[in-house]
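What follows is a single structure, written as structure tokens, with notes after it.
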Amino acid sequence: MNIAVLPGDGIGKEIVAEAVKVLDALDLGLEMQTALVGGAAFEVHGHPLPDSTLRLAKSADAILFGAVGDWKYDKLERPLRPEQAILGLRKHLGLFANFRPAICYEQLVGASSLRPEVIAGLDILIIRELTGDIYFGQPRGRRTAIDGHFPGSEEAFDTMRYSRPEIERIAHVAFQSARKRSKRVTSVDKANVLETFQFWKDIVTEIGLQYPDVALDHMYVDNAAMQLVRAPKKFDVVVTGNMFGDILSDEAAMLTGSIGMLPSASLNATNQGLYEPSHGSAPDIAGKGIANPLATILSAAMMLRFSLNQEHAADRIEVAVKRVLSQGLRTVDIHSVGTRLVGTAEMGSAVVTALKN
Ligand code: NAD
């Protein structure tokens with residue numbers, strides 16, 4: 001089992017170190033190789049996704065990814081910005097299905113900004129399509145961008161597009177995932193205004209006919225954003241496009257208390273996957289040793305389950321995380337009165353101890 005470890009920038013290095021510590025403690029004989037990505041790679045190789053990193057990622061069974069980005073790269077032309085490394089990995093590895101479970105741990109009900117009765121017991125799965133939509137449209141405004149600016153331009157534009165096969169395969173993933181859960185899929189679109197999303201809605205409906213045991217409903221994205229905070233437990237599996245999924249999954253993250261708790265998996269057709277926390281590189285707290293490593297540790301659990309067939313080891317990590325939360329240990333993002341404030345490394349070590357016991 002070969003794993004490419006790509007810590008990236010900001011808190012990426014700190015949180016990935018804790019996930020590696022947890023994986024090591026499981027003694028599964030994993031082969032882990034580390035490489036630079038994002039701003040860290042740009043500094044050394046002049047590119048956020050150097051060939052050596054891409055080769056390592058392609059040859060691995062799974063990729064454990066931290067986060068990339070820093071404000072200091074905002075002036076770089078777009079292809080050289082750290083975030084392009086993720087888009088590049090998704091494209092080169094064909095990672096089209098992004099799974100973002102939003103689970104509200106019983107111990108963290110009080111950490112959410114919503115009332116406990118609204119989020120207690122929440123367990124929803126947002127499935128975001130990753131390879132189409134406006135993020136990969138052509139042409140892009142950058143053709144006129146020099147040094148991050150658009151001299152003499154009066155407009156910039158991006159085009160939204162989806163192909164039939166792209167929608168079909170993500171719809172299949174959603175219906176199959178729903179079969180393992182409560183057998184309900186909500187497809188989120190903006191079919192009332194956008195042709196791309198009328199096309200999306202028609203095709204998801206068509207694929208749904210092959211899954212008569214799964215209930216399908218459709219919702220406009222503005223309504224979905226509202227329902228997610230009004231009555232999030234009404235959802236089970238939510239499937240949507242690249243941009244709406246980007247936004248809704250961050251909104252769902254906050255239902256659970258902190259974005260520092262949310263893992264994610266991005267899979268291709270052969271179950272090779274990239275596993276990363278849902279949050280970014282958090283430059284505001286980088287280097288302080290206070291970031292929450294649990295989203296990355298839980299991403300490592302998803303990696304064991306989805307790409308490496310190590311269901312039991314994945315369960316062990318998830319149980320250990322619940323145990324440290326029950327012990328009252330909290331990083332600063334989920335800390336409240338009556339709990340014990342710990343740093344990144346202490347939280348990682350507590351998960352290791354819980355695993356061993
Ligand atoms: P962010 O997710 O990095 O941070 C948002 C807020 O959440 C910050 O206040 C941060 O301190 C806090 N936070 C995030 N993760 C945390 C954790 N584990 N523990 C405690 N607090 C945490 O989003 P941002 O500030 O909008 O972006 C910062 C950089 O990250 C940008 O360069 C952005 O492009 C990049 N980014 C990268 C990814 C990725 O690598 N997949 C995703 C989103 C943003």
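The values are calculated or read from the model by the stated rules, or taken from the named source; none is laboratory data. Keep in mind it's a predicted model, so treat the numbers as computed, not measured. Positions of Cβ are backbone-derived with ideal geometry, glycine not excepted, and every protein chain shown enters the neighbour counts. Accessible surface is based on the protein model in full, side chains and every heavy atom, while ligands, DNA and RNA are left aside. Shrake-Rupley method; radii C 1.70, N 1.55, O 1.52, S 1.80 Å.
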Worksheet item: Does any residue in region 195-221 that is within 15 Å of Arg179 (Cβ to Cβ) come within less than 6 Å, Cβ to Cβ, of a residue that is small (Gly, Ala, Ser) and open to solvent by less than 80 Å² (accessible area, probe 1.4 Å) six or more places away or on a different chain, and which pairs are these?
Response: Ile207/Ala171; Val214/Ala178; Leu216/Gly208
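Which residues, taken from region 268-287, are over 16 Å from Asp333 (Cα atoms) and either within 11 Å of the chain's Cα centre (by Cα) or within 13 Å of the ligand (Cβ to nearest atom) (or both)?
Leu274, Tyr275, Glu276
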Worksheet item: Quick check: is even one residue across region 165-176 at pLDDT 70 or above, open to solvent by 30 Å² or more (accessible area, probe 1.4 Å), over 26 Å from Asn223 (Cβ atoms) and not in a helix (DSSP H, G or I)?
Response: no
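Here is a yes/no grid of residues against (1) over 20 Å from Gly280 (Cβ atoms); (2) in contact with a Phe, Trp or Tyr (Cβ under 6 Å, 6 or more places away or on another chain); (3) of a type in the set (Lys, Arg):
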residue	(1), (2), (3)
Met1	yes, no, no
Leu6	no, yes, no
Ala19	no, no, no
Asp24	yes, no, no
Gly29	yes, no, no
Val37	no, no, no
Worksheet, complete the sentence: Considering region 13-32, residues that are within 16 Å of the ligand (Cβ to nearest atom) and charged (D, E, K, R), and then whichever is farthest from Leu89 (Cα to Cα), we arrive at Lys21
Worksheet entry | Positions within region 57-76 being of a type in the set (A, V, I, L, M, F, W, C) and surrounded by fewer than 20 Cβ atoms within 10 Å (Cβ to Cβ), in sequence order | Trp71, Leu76
Item to complete: Inspect region 33-55 for any residue being within 16 Å of the ligand (Cβ to nearest atom) and under 16 Å from the mean Cα position of the chain (by Cα) and give the result as yes or no.
Response: no
Discussion item. So in region 336-350, with the set limited to residues that are touching a residue at least 40 places away in the same chain (Cβ under 8 Å) and touching a strand residue (DSSP E or B) at 6+ places or on another chain (Cβ under 9 Å), which one is most open to solvent (accessible area, probe 1.4 Å)?
Written reply: Ser336
Response to the item:
Contact list, first residue from region 286-301 and farther than 12 Å from Ile259 by Cβ, second anywhere and more than 8 Å from the ligand (Cβ to nearest atom) and part of a loop (DSSP other than H, G, I, E, B), beta-carbon distance below 8 Å, six or more apart or interchain, is Gly289/Gly343; Ile290/Gly343; Leu298/Leu262
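Given the criteria open to solvent by less than 20 Å² (accessible area, probe 1.4 Å) and modelled with pLDDT of 90 or more, does Ile119 qualify? Break it down into steps so the answer makes sense when it comes.
Numbers: open to solvent by less than 20 Å² (accessible area, probe 1.4 Å): yes; modelled with pLDDT of 90 or more: yes.
The answer is yes for Ile119.
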Item to complete: Would you check which residues across region 180-197 are surrounded by 14 or more Cβ atoms within 10 Å (Cβ to Cβ) and modelled with pLDDT of 95 or more and list them?
Response: Lys183, Arg184, Val185, Thr186, Ser187, Val188, Asp189, Lys190, Ala191, Leu194, Thr196, Phe197
Worksheet item: Conditions: (1) in a helix (DSSP H, G or I); (2) within 16 Å of the ligand (Cβ to nearest atom); (3) of a type outside the set (Val, Ile, Thr). Gly10 meets all but one. Number of the miss?
Response: (1)
Discussion item. Can you name every one of the strands (runs of 3 or more DSSP E) wholly within region 22-114 that holds 2 or more residues which are free of Cβ contacts under 8 Å to residues at least 40 places away in the same chain and assigned by TED's automatic domain parsing to the domain that holds Ala282?
Written reply: 31-34
Response to the item:
Cβ pairs under 6 Å, 6+ apart or interchain, first in region 155-167 and within 14 Å of Gln138 (Cβ to Cβ), second of a type in the set (Ser, Thr, Tyr) and open to solvent by less than 50 Å² (accessible area, probe 1.4 Å), ordered by first then second residue, are Met160/Thr196; Tyr162/Thr196
